[in-house]
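The values are calculated or read from the model by the stated rules, or taken from the named source; none is laboratory data. The shown structure was predicted, so the numbers you read here are calculated from the model rather than taken from an experiment. With ideal geometry, Cβ positions are generated from the backbone for all residues, glycine too; neighbour counts draw on all protein chains shown. Each accessible area value is taken on the protein alone, full model and side chains, heavy atoms only, with ligands, DNA and RNA left out. Shrake-Rupley method; radii C 1.70, N 1.55, O 1.52, S 1.80 Å.
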Amino acid sequence: RRIGRKALAVNLSDLASMAARPEAVVVALALPRAGGFRLAVELYEGMLPLAEQFGTAIAGGDTNSWDGALVIAVTAIGRLTDRGPLLRSGCQVGDRLLVTGSLGGSIAGHQFDFRPRVNEALQLHADYQLNAGIDISDGLALDVSRLVGASNCGAVLQLDTIPISDAARCLAKSSSDGQSPLDHALGDGEDFELVLAVEPNEARRLMADQPLDVRLTDIGSCVDQSGLWSACPDGRLIPLQPTGYEHQLDE
């Protein structure tokens, strides 16, 4: 059930990143021959409550069985608002970078149970001027680098402002890999929070209003120097590794 819910939720998060309203999804399953029917029932039992929560129809798809492992493919269809899509390519030099929620440690359960930020994205897109956005699926550092890369600019992150989750702190204490809570917040991925590029005056208004149930945090800015950077107290910029999950296709 949790896998079914996640398969739907990650696609709803993609719609949230563009401030699109979910309309329908189609689901394709390749089920193992042994126990496949039971798997299908539980997958849909995980999907249906989330689909109902966001008024999204599971409109169809395709189901087959085979001798391999379970395969799930979900395609979500959304409708844009009158303000149009929120793209990755709209960052402007000087924009502030705002993030929803807290980051890191998703492996402790958040990767299955997160709430797609659909309603939050629609509310912000309607009430404020947002220039660009992305959801954090592969890691804050990596996804911010993708956001500004699509906009032909760079980003400076203020590392001491990044909101770190309690799960990231616990993971850093219990793990022997030497990663700090900040390392987890930068690179764990599967947070499915939003990063938004917002003009400075509008960002100040957003930070003062805090209009969501979840907190917004200002974590940095867009700059004309390409790449990802961290800011030192003396104003120097240090290159920051865009850590996160890199998708690779088998040859």
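Summary value for the chain: 26 percent relative contact order, contacts being C-alpha pairs under 8 angstrom separated by 6+ residues. Here, P(r) means the percent of Cα pairs in each 5 Å bin from 0 to the largest distance; for segment 129-202 it is 3, 15, 23, 24, 17, 9, 5, 2, 1. Surface exposure of the chain, expressed per residue as accessible area with a 1.4 Å probe, stands at 49 Å².
Between the Cα long axis of helix 200-209 and the first principal axis of the chain there is an angle of about 60°, rounded to the nearest 10. For segment 1-90, DSSP calls about 55 percent of its internal beta bridges antiparallel.
Using only Cα coordinates, the Kirkwood hydrodynamic radius of segment 1-146 works out to 16.6 Å. Which whole-angstrom value gives the distance between the alpha carbon centres of segment 57-96 and segment 201-251? Distance between centres, Cα-based: 23 Å. Between the exposed loop cleavage positions of the chain, defined as trypsin sites (Lys or Arg not before Pro) in a non-H, G, I, E, B DSSP state with at most 10 neighbouring beta-carbon atoms within 10 angstrom, the longest gap is 34-235. The Cα-based radius of gyration of segment 113-251, divided by its Kirkwood radius, gives an Rg/Rh of 0.96.
Quick one: angle between helix 140-150 and the longest Cα principal axis of the chain, in degrees between 0 and 90, rounded to 10, please. Roughly 80 degrees between the two axes. Per atom type, the chain shows carbon and sulfur on 50% of its accessible surface, probed at 1.4 Å.
With the convex hull drawn over the C-alpha atoms of segment 82-128, the volume per residue is 118 Å³.
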